[in-house]
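Chemist: Got a structure for you, written out below as structure tokens; questions coming shortly.
The values are calculated or read from the model by the stated rules, or taken from the named source; none is laboratory data. As the structure is a computational prediction, the values presented were derived from the model and not from experiment. Backbone-built Cβ (ideal geometry, glycine too); neighbour counts: all protein chains shown. We work out accessible area using only protein heavy atoms, side chains counted, and drop any ligands, DNA or RNA first. Shrake-Rupley method; radii C 1.70, N 1.55, O 1.52, S 1.80 Å.
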Amino acid sequence: MSSEIIKQEDNKISLRIAVSPEKFEEAVNKAYHKMRGRFNIPGFRKGKAPRKIVELHYGPEIFYEEAINLSFPEAYEAALEKHELDPVDQPQVDIEKMENGEEVIFIADIEIMPEVLVEGYKGVEVEKVVHPVSDEAVEAELKEMQEKNARMITIEDRPVKEGDQVVLDYEGSVDGEVFQGGTAEKQNLEIGSGRFIPGFEEQLIGLEIGQESVVTVTFPEEYQAEELAGKEAQFKVQIHEIKEKEVPQLDDEFAKDVSEFDTLEELKADIRTRQEAAAKEREDQELRANVIQAVTDKVAVNIPEAVINRQIDRMMQDFNYQMSSQGISLELYYQMTGSSEDELRERMHPDAERNVKDQLVLDEITKMEEIVATEEEIEEEIEALAKQYGQDVEKFKETAAKHDRKVFADNVTLRKTIDFLVEHATIKEKEETEQSQEAVETE
């Protein structure tokens, strides 16, 4: 077998691959033994006719297609190894020559990853946004803890007020006709939650247990049930129960009940410490992402669509897993959002392209700077992952030993490469403003 590169334009290459007559004859013979059970030849039991007899009946070409399928992969892999090529997709193959007793010549068109020219990656200028922890943030988390530990108290001596949770019956009608879906018994409703039609909950305020009343509302113009959209409706209502949320006092006793601390001040200090640690981790992650973007923005590379599509495939698998964990299939997601698989893949395309480019650039810097993972670092990575997934470290190591350690080494070298870029970056700190925080919250 022999091969040569006959054409190369950027990252597109044409290979001429020749399979010797002897090798192709071996492949034809293998094809005969694989296929002979298909032929019924008069005078022979099925599958027992000699190769020459089968070829007399059907022509020698009867085995060529299968022989090509058997001989080409080996010749193709040898050609890739010889020319040190790493194609990004399956080759497009044509047969240039195939004559009896002569070598068979294939033309394989392949696409390889483009050369990535990385320059100026040291000293990139980036901003590091600092996220200070405010007293308001600490108080907000404390308030959440207070709300989570609230209890509902049954009320019997006063009417409904804002914030109450009530149990009620209601029956809705339009022009005196009860409509479908407008009737319920013993329905729970928090006053002020906005769950019902605008104006409904407000009219329950002031009603007492057992009291019947009529609530009049107008359905929104774009209500989901078209037959009710924009129409005025009357609801007969009756209150059965009133419950009020009782939140605990924020004092030392509260701290003892909800935490391992004896005083409220100790609990507040712990909340601040945790929030500061979370803010520090967020700052570091944002800085690393900003450094990667600043470096990759300096690089121009034409990424093959096949590579981007493979990245989209992985993102689709991750998205499917996330949806499945919430009990939502992709088909249901498409129905709920009025979209399709093609539209979802199109939305993922920019992020997929960015992810691939980032990886290409970081891989090239890893090579240029000769960054490697030591055995000790790989062991530490395996131990850290075992603890992260709550697995026994030794058992996890045994499982990891059965597989390629390269995945763990790649994790280490990627982290070390990003560390390298951050260490050599020019960083300017900037404190987060209220406006920037509001922008983050609305995204």
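Chemist: Looking at the range 312-334, I want the residues that are surrounded by 12 or more Cβ atoms within 10 Å (Cβ to Cβ) and have a partner that is not in a helix (DSSP H, G or I) with Cβ atoms under 9 Å, at least 6 apart or on another chain. Which pairs are those?
Modeler: Qualifying pairs under 9 Å: Asn320/Ser329; Met323/Ser329; Tyr333/Ser339; Tyr334/Ser340.
Chemist: Continuing with this model, one more query. Is it true that some residue in the range 45-63 is hydroxyl-bearing (Ser, Thr, Tyr), open to solvent by less than 70 Å² (accessible area, probe 1.4 Å) and not in a strand (DSSP E or B)?
Modeler: no
Chemist: Then there's this: Among the numbered conditions (1) part of a helix (DSSP H, G or I); (2) free of Cβ contacts under 8 Å to residues at least 60 places away in the same chain; (3) open to solvent by 70 Å² or more (accessible area, probe 1.4 Å), tell me where Leu80 comes up short.
Modeler: For Leu80, the failing item is (3).
Chemist: Let me ask you something else. Which of (1) in contact (Cβ under 8 Å) with a residue 40 or more places away in the chain; (2) open to solvent by 40 Å² or more (accessible area, probe 1.4 Å); (3) not in a strand (DSSP E or B) is the odd one out, the single condition Lys186 does not satisfy?
Modeler: (3)
Chemist: Consider Phe261 carefully, then state whether it is open to solvent by less than 60 Å² (accessible area, probe 1.4 Å), of a type in the set (Phe, Trp, Tyr) and part of a loop (DSSP other than H, G, I, E, B).
Modeler: When the stated conditions are applied, Phe261 passes them.
Chemist: Tell me which of these Leu70 doesn't satisfy, since it passes every other one: (1) more than 14 Å from Glu22 (Cα to Cα); (2) open to solvent by 60 Å² or more (accessible area, probe 1.4 Å).
Modeler: Single failed check for Leu70: (1).
Chemist: Got a sec? Which of Lys256, Lys236, Lys243 is more than 30 Å from Glu423 (Cβ to Cβ), of a type in the set (Lys, Arg) and open to solvent by less than 90 Å² (accessible area, probe 1.4 Å)?
Modeler: Residue meeting the stated conditions: Lys243.
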